[in-house]
2 protein chains.
Amino acid sequence: MQPLPPPPPPPEMPPNPPAVILVRPQLGMNIGAVARAMLNFGLTDLRLVQPRDGWPNPEAGPSAAGADALIDAARVYGSVADAIADCGLTIGTAMTTRDMIRRVTSPAGAVAEIRALPGRCALLFGPERTGLTREDLLHCHALCTIPSNPEFGSLNLAQSVAVMGYAWVMAHDAPPPTWIVNHEGPAPQDELTGLIAALEAQLAENGWFNPAPGRSESARRMLRNILTRPGFTGAEVQFLRGVVRSLANPRRRRGDQADQ
Amino acid sequence: MQPLPPPPPPPEMPPNPPAVILVRPQLGMNIGAVARAMLNFGLTDLRLVQPRDGWPNPEAGPSAAGADALIDAARVYGSVADAIADCGLTIGTAMTTRDMIRRVTSPAGAVAEIRALPGRCALLFGPERTGLTREDLLHCHALCTIPSNPEFGSLNLAQSVAVMGYAWVMAHDAPPPTWIVNHEGPAPQDELTGLIAALEAQLAENGWFNPAPGRSESARRMLRNILTRPGFTGAEVQFLRGVVRSLANPRRRRGDQADQ
């Protein structure tokens, strides 16, 4: 026999773990199982968006199997936007991109990005039956696809969280992706939301939205989509707010310039 | 923005996946959830050792969520030894080594070893409540510890299988561990079992086992322990069987040598 390799070092729980956000989770049992998987991998920030059966849910406790602190500390939100307000990078788990233009990454790639950022980040998981909707994914900077059998791609909610948690712990010595180096990272989501809201308000005031049924909603989705995808920094968001303000309220009209 | 990396290639399900062996699983629901996690990662060989509630179990179907083919094809065994008879490498998942001398590896290390071997390999998972016993672990060549929070190490059965399945799929481009290169790999387990049985029988015949209560069992465990750990090849097992035969039945006694 050749010499055996030494045993692996004891696991290290990386600092600054991402929030795990369950969007419209259905079964309390699954929320508990998610908490268990989270805590096993050092993830502690559990957030729930519109849990179907309300919160707290007594069915979550048994499957949490001791991870009760996470259940007790879970925060409930009325919308995805509220839940990710303090997050600079939100990555949604999805089997498909649902025809959106979004960067798609692997679990290892997703956690490497999160590791490279100083602020709070989030992993978004959809409801058991349907996964994240196109509307939910509009809030995500990137999508993460857990590799799966082309002929059977299906994990339950807590299994998916366990895989992401494992990837998170294993990322401790992975190099950060080069494209994010020297990059201050995306702005907290509420800054971006502020930009989008300001832009929408101004466009509405300017009568830009088409009043035909559905057209306005479609345009709002498109705005969120194209403004979320780039991952603007805080400075860039402020810059764009200035652009919007300036477009809407010119200091002077073109004809006035000669007067200056 | 710097350029974004290209999307990851579609996942490839590696060939020759290991068997997943559940030892004394308790809940049918968990067996179904294991099947779902397995099939998602291209693992298809499900084996059950003494399932508590018998088999088939109608509670397995719903949580399999479409992975019914695995449930239907699952094989039931009366012992761990039977379940791993055709396996050349058996790796047991365990949080601790329970004071045994065994190589401990990570999920990535475990699957890299499995990828490097041509024959059938097995991943062994213990019952929900207690995990694998020391007795079960005696059948394993190595232990695999899923990294976990030092203050909360706990995953449910299907979560553990999901993590191992993910590691399996992600191993496709990992280099095999160097120590196994140029190594034909361990013998199928039934060959090793044959060696152990022959040795035990001979020792019993020779009156080697201490008749005091528990002493014989303790000695048998020690035999299995020290003979399983090295991962003997088929040729080595045959060699050792010859050694045992020769020790028990010398062709001639020392005094006869001069006659030759």
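The values are calculated or read from the model by the stated rules, or taken from the named source; none is laboratory data. All values derive from a computational prediction rather than experimental measurement. In this analysis, Cβ positions are derived from the backbone assuming ideal geometry, glycine residues included, and neighbour counts consider all displayed protein chains. Heads up: the accessible areas ignore ligands, DNA and RNA and are worked out on the full protein's heavy atoms, side chains in. Shrake-Rupley method; radii C 1.70, N 1.55, O 1.52, S 1.80 Å.
Looking across the range B:115-132, the residues that are part of a loop (DSSP other than H, G, I, E, B) and in contact (Cβ under 8 Å) with a residue 12 or more places away in the chain come down to B:116, B:117, B:118, B:119, B:120, B:126, B:127, B:128, B:129, B:131, B:132.
Residue count for the range B:21-77, restricted to those that are of a type in the set (Phe, Trp, Tyr) and open to solvent by less than 10 Å² (accessible area, probe 1.4 Å): 1. If you scan the range B:220-229, which residues turn out to be without any contact (Cβ under 8 Å) to a residue 40 or more places away in the chain and in contact with a helix residue (DSSP H, G or I) (Cβ under 8 Å, 6 or more places away or on another chain)? Once the filter is applied, which keeps residues that are without any contact (Cβ under 8 Å) to a residue 40 or more places away in the chain and in contact with a helix residue (DSSP H, G or I) (Cβ under 8 Å, 6 or more places away or on another chain), the range B:220-229 yields B:220, B:223, B:227. Residues that are open to solvent by less than 40 Å² (accessible area, probe 1.4 Å), of a type outside the set (Gly, Ala, Ser) and in a helix (DSSP H, G or I) within the range B:203-240 comprise B:203, B:223, B:224, B:225, B:227, B:228, B:237, listed in sequence order. When residues in the range A:107-122 are screened for being more than 14 Å from chain B (Cβ to nearest Cβ) and touching a helix residue (DSSP H, G or I) at 6+ places or on another chain (Cβ under 6 Å), 2 of them pass.
Evaluate the following for residue B:132: is it away from every other protein chain (no Cβ under 14 Å) and closer than 18 Å to residue B:34 by Cα? So residue B:132 fits the description; yes. Screening the range A:11-38 for residues that are outside any loop (DSSP other than H, G, I, E, B) and closer than 20 Å to residue A:138 by Cβ and picking the one that is nearest to the other protein chains (Cβ to nearest Cβ) gives A:20.
Could you tell me whether residue B:151 is among the acidic types (Asp, Glu), modelled with pLDDT under 90 and out of contact with any strand residue (DSSP E or B) (no Cβ under 6 Å at 6 or more places or on another chain)? Criteria met by residue B:151.
In the range A:192-212, the residues that are closer than 14 Å to residue A:224 by Cα and touching a residue at least 12 places away in the same chain (Cβ under 8 Å) form Cβ pairs under 6 Å with partners that are surrounded by 11 or more Cβ atoms within 10 Å (Cβ to Cβ) and β-branched (Val, Ile, Thr), at six or more places apart or across chains, as follows: A:192/A:237; A:195/A:237; A:198/A:244; A:199/A:244.
Is it fair to say residue B:119 is over 25 Å from residue B:232 (Cβ atoms) and surrounded by fewer than 23 Cβ atoms within 10 Å (Cβ to Cβ)? Criteria not met by residue B:119. The residues in the range B:166-207 that are within 8 Å of chain A (Cβ to nearest Cβ) and at pLDDT 90 or above can be counted, and the count is 3. Identify, from the list B:53, B:86, the residue that is modelled with pLDDT under 95 and either in contact with a helix residue (DSSP H, G or I) (Cβ under 7 Å, 6 or more places away or on another chain) or away from every other protein chain (no Cβ under 14 Å) (or both). Matching residue, one of B:53, B:86: B:86.
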